[in-house]
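Peer 1: Okay, handing you the structure first.
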Amino acid sequence: MATYTLPELPYDYAALEPVINPQIVELHHDKHHAAYVKGANDTLEQLEEARDKEAWGAINGLQKNLAFHLSGHILHSIYWHNMTGDGGGEPLAADGVGDLADAITESFGSYAGFKAQLTKASATTQGSGWGVLAYEPLSGKLIVEQVYDHQGNVGQGSVPILVFDAWEHAFYLQYKNQKVDFIEAMWQVVNWQDVAKRYAAAKERADVLLLAP
Ligand code: MN
């Protein structure tokens, strides 16, 4: 029995048009995300085999593969729910996401400052990566992270609540080399209700590190 399974998309392939076309959504979910699920499961099996045989020659590569595929699976699982065809705009108290809006202002000074930082961090990834808004449990604040691949350049313990996939597979068929245009368009499909739900859940478990006040 596999440990990880590919989650269903919460909408059909065309739901994010015109920001993301159906061909990209289908390939991205059915092929790319599926590959990370398979990669994580395969790596766990290979680690089990290494333990059984006490054969540790490939341990470094296996641990890297586990971090890569597991992080890819987790980030994509968040990504699909972070978007909706009815999304966009600013998070507003009137829409029931006031706690999130307040946390953004408190952590970044202003919504505009936050938006500029996440846009820039996402659009300037070198090679493959993500721009991430994360809850950082030690400070109790939100931070932006620029993730390398799926797993690098991350503060331990931070919980991703809004993720922008900046890998070429996320946009190239539609936006070609214009990564910044894709990231700017992404703001039109952000599902603030989903982000607010993730923020509340992360804050609820702020003692996860047993370090936070
Ligand atoms: Mn991706």
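Laboratory data are not the source of any read-out in this text; all were calculated from the coordinates shown. Given the structure is predicted, the values throughout are model-derived calculations rather than measurements. Here Cβ is always computed from backbone atoms with ideal geometry, including for glycine, and neighbour counts include all displayed protein chains.
Peer 1: Put +1 on the Cβ of every Lys and Arg and -1 on every Asp and Glu Cβ in the chain; which of HIS32, HIS73, VAL180 then has its Cα farthest towards the positive end of the dipole?
Peer 2: Result: VAL180.
Peer 1: Students often get this wrong: which residues of the range 144-182 have the backbone nitrogen under 14 Å from the point 7 angstrom along Cα-to-C-beta of LEU211?
Peer 2: Once the point is set 7 Å along Cα→Cβ of LEU211, 154-159 turn out to lie under 14 Å by backbone N, inside the range 144-182.
Peer 1: Next question. Before anything else, pin down the relative contact order of the range 35-124: Cα pairs under 8 Å, at least 6 apart, normalised by residue count, whole percent.
Peer 2: 21
Peer 1: Would you mind checking LYS179/LYS203; LYS120/LYS197; LYS176/LYS203; LYS38/LYS141 for any pair whose Cα atoms are more than 28 angstrom apart?
Peer 2: Violating the 28 Å Cα-Cα cut-off are LYS179/LYS203; LYS176/LYS203; LYS38/LYS141.
Peer 1: Return one number: the angle in degrees, 0 to 90 and rounded to the nearest 10, between the long axis of the Cα atoms of helix 192-204 and the longest principal axis of the Cα atoms of the chain.
Peer 2: That works out to roughly 60 degrees.
Peer 1: If you line up the long axis of helix 34-53 against the longest principal axis of the chain, both from Cα atoms, how many degrees apart are they, to the nearest 10?
Peer 2: With rounding to tens, the tilt is 30 degrees.
Peer 1: In percent, what relative contact order does the chain have, based on Cα pairs under 8 Å that are 6 or more apart in sequence?
Peer 2: Value for the chain: 23 percent.
Peer 1: Sticking with this one: Go ahead and estimate [θ] at 222 nm for the chain from helices alone: -39,500 (n - 2.57) per DSSP H run with n ≥ 4, summed, over the residue count, rounded to 500.
Peer 2: -14500 deg cm²/dmol
Peer 1: Pull up the cross-link candidates among the aspartates and glutamates for LYS64, meaning alpha carbon to alpha carbon under 16 Å and not fewer than 8 places away within one chain.
Peer 2: ASP42, GLU45, GLU48, ASP149
Peer 1: With springs connecting C-alpha atoms under 10 Å apart, model the chain as a Gaussian network and identify which of ILE59, ILE78, ILE143 has the largest mean-square fluctuation.
Peer 2: ILE59
Peer 1: Choose one of GLY157, ALA94, TYR11: the residue whose Cα lies farthest towards the positive end of the charge dipole of the chain (beta-carbon charges +1 Lys, Arg; -1 Asp, Glu; about the Cα centre).
Peer 2: The residue sitting farthest along the positive end of the dipole is GLY157.
Peer 1: While we're looking at this one, here's another question. Does anyone have the angle between helix 98-108 and the longest principal axis of the chain? Alpha-carbon axes, 0 to 90°, nearest 10?
Peer 2: 80
Peer 1: Which of TRP130, TRP80 has the fewest other C-beta atoms within 10 Å, and how do the rest follow up to the most?
Peer 2: TRP80, TRP130
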